[in-house]
Amino acid sequence: MNTQRSSELFAKAKELMPGGVNSPVRAFGSVGREPLYIAGSHGDRITDTDGNEYIDYVCSWGPDILGHAHPAVIGAVKRACENGLTFGACHEGEIVLAEKIQAHFPSMELIRLVSSGTEAVMSAVRAARGFTGRDRIVKFEGCYHGHSDGLLVKGGSGQLTGSVPDSAGVPAGSTENTLLARYNDADSVETLFGRFPEDIAAVIVEPCAANMGVVPPEAGFLQALRDITERYGALLIFDEVITGFRLSAGGAQELYGIKPDMTALGKIVGGGMPLAAYGGRREIMEQVAPLGAVYQAGTLSGNPIATAAGIAQITEIERTPDLYCELDRKAAVLEAAAVKAGLNVNRCGSLMTVFFTDKRVTDYGSALTADRAEYARFFGHLLDNGIYAAPSQFEAMFVSYAHSDEDIIKTAEIIAHYRKENRYGS
């Protein structure tokens, strides 16, 4: 496979950007390769600058749930662009998108649109602190909530394959109020509340973890978090930046039947454009400026292009009644192929990770037992056979509605073939 043009572009990019990339995992460092430069996409396929075509299971890390370049989304963006890119002022699209989000996430009684998942989570945490008058928060090892200073403590995703475990440049004081618990271990949360019963503002959690690889919640775990936070007067924040509109139209909270106090959304709600949202109970969100003393602002928040894309995407989701059944069916075919090949798979709906470990992966510690070198070989096997997957052991494969049965079967066959070359597939 010729990737000469990608190599040339990467060499040039390294002279202009740190590591040649604008987000670390794109560098392909943990899989021992150079990144591909993508020239275009359509449906379930992407094409690189050398003309190579791949079946894509990254889907821009989740937003392209309907497939790349969906006509309804592209059309909405084009029409919006004709009226200007951004106003820095109110417009009707903000209201329409907020109404659509609230219809599927009734726990979000008031909503604020922002521009990224990092911003949504950071703002939700600030609002929780402002509402409760408490400073400490609880997060879980291996859960990634964006790159704000106070949350960069044993995060997942690209941090797990970088050169440092957390981040240089974050003052110790920024994380002194961040308490760490173990995912799928409610007792570890109870212990922290026992030590700080009146100091914890909120527990923040990925209701289905997807940044240390896919790690679903064990039965009763989320309900235990709901019970503990209510007992101690703390808030429960669901980081549904990945799972919102991905696991169901109402996200993980609908799927698991747990109502959080606050929710952060991203990815899909912007239809592929930079847009995210946070919201929750009315009395909490009324603490946010201009109503309250919790300050948060953004010139590009809820801009007309991003809201147009988000409205179009959610509208198409609403018009596709078999969407989630089809996503689950297609992902199940891939899961079955990997299991048949003797591989270790975690899947939740259309999110899936193949872990190269003999342990059952239920938390950060068990995820870290994965053989990253073996994953790099698996990644290379897929890529060399025209399958584009996440360039990190600790990310998810995303299935879209646009993935054809033919491409799903082809992918399953390529995954199954890996057993012949791999000691985990015996």
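The values are calculated or read from the model by the stated rules, or taken from the named source; none is laboratory data. This is a predicted model, so every value here is computed, not measured. FYI the Cβ positions are ideal-geometry reconstructions off the backbone, even for glycines, and counts take in every protein chain you see. Ligands, DNA and RNA are stripped out before the accessible areas are found, and what is left, the full protein with its side chains, is counted by its heavy atoms. Shrake-Rupley method; radii C 1.70, N 1.55, O 1.52, S 1.80 Å.
Worth a mention:
- The chain: DSSP helices with Cα axial extent of at least 24 Å and average Kyte-Doolittle hydropathy no lower than -0.5: 323-340
- Of the residues Arg33, Arg246, Arg5, Arg134, the one with the largest accessible area comes first in the ranking Arg5, Arg33, Arg134, Arg246, computed with a 1.4 Å probe on protein heavy atoms.
- Extreme residue, positive dipole direction of the chain, given options Val294, His417, Ala306 (C-beta unit charges): His417
- For the chain, with +1 on Lys and Arg beta carbons and -1 on Asp and Glu, the positive-most of Pro71, Val170, Thr353 along the dipole: Val170
- Rounded, prolate or oblate (a/c below 1.5 giving rounded, otherwise prolate when a/b exceeds b/c) for region 174-230 by Cα gyration tensor: oblate
- Net charge of neighbours whose Cβ lies under 13 Å from the Cβ of Ala202, counting Lys and Arg as +1 and Asp and Glu as -1: +2
- Relative contact order (%) - criterion: Cα under 8 Å, at least six apart; region: region 1-85: 22
- Number of Lys-Lys pairs in the chain with C-alpha atoms under 22 Å apart and a separation of 8 or more places or on different chains: 17.
- Computed per residue of the chain from DSSP H runs no shorter than four, each worth -39500 (n - 2.57), the mean residue ellipticity at 222 nm is -10500 deg cm²/dmol.
- Summed side-chain charge close to Met285 - residues other than Met285 whose Cβ falls under 12 Å, Lys, Arg +1, Asp, Glu -1: 0
- Two-site label geometry, Thr86 and Glu198: point separation in nm, points 7 Å out along Cα→Cβ: 4.4
- Taking only protein heavy atoms and a 1.4 Å probe, the accessible area of the chain is 51% carbon and sulfur.
- The solvent-accessible area of Met352, taken with every protein chain present and a 1.4 Å probe, is close to 10 Å².
- Mean-position separation - Cα centroids, region 32-59 and region 218-285, in angstrom: 32
- Hz values of 3J(HN,Hα) by residue in region 25-33 - Karplus curve (6.51, -1.76, 1.60), Gly and Pro given as x: 5, 5, 6, 6, x, 6, 10, x, 10
- Averaging the sequence gap over all C-alpha pairs within less than 8 Å and six or more residues apart, then dividing by the number of residues, gives the chain a relative contact order of 23 percent.
- With the gyration tensor restricted to C-alpha atoms of the chain, the semi-axes of the equivalent ellipsoid amount to 33, 27, 21 Å, longest first.
- Per residue, in Å², the accessible surface of the chain once ligands and nucleic acids are set aside, probe 1.4 Å: 41
- Over region 253-385, the hull volume per residue, using the convex hull of the C-alpha atoms, is 196 Å³.
- Between Gln223 and Asn177, full extension at 0.36 nm per residue minus the direct alpha carbon distance yields a gain of 14.1 nm.
- Compactness of region 207-254 - radius of gyration and Dmax, Cα, Å: 11.4, 31
- Note on Thr299 and Asp371: with the Förster distance fixed at 45 Å, the Cβ-Cβ geometry gives a FRET efficiency of about 0.50.
- Of all beta bridges that DSSP places with both ends in the chain, some 55 percent have antiparallel geometry.
- Direction-averaged projected area, Cα convex hull, region 236-304: 5.2 nm², rounded to one decimal.
- Environment charge of Ser248, counting only residues whose C-beta is closer than 11 Å and scoring Lys/Arg +1, Asp/Glu -1: -2
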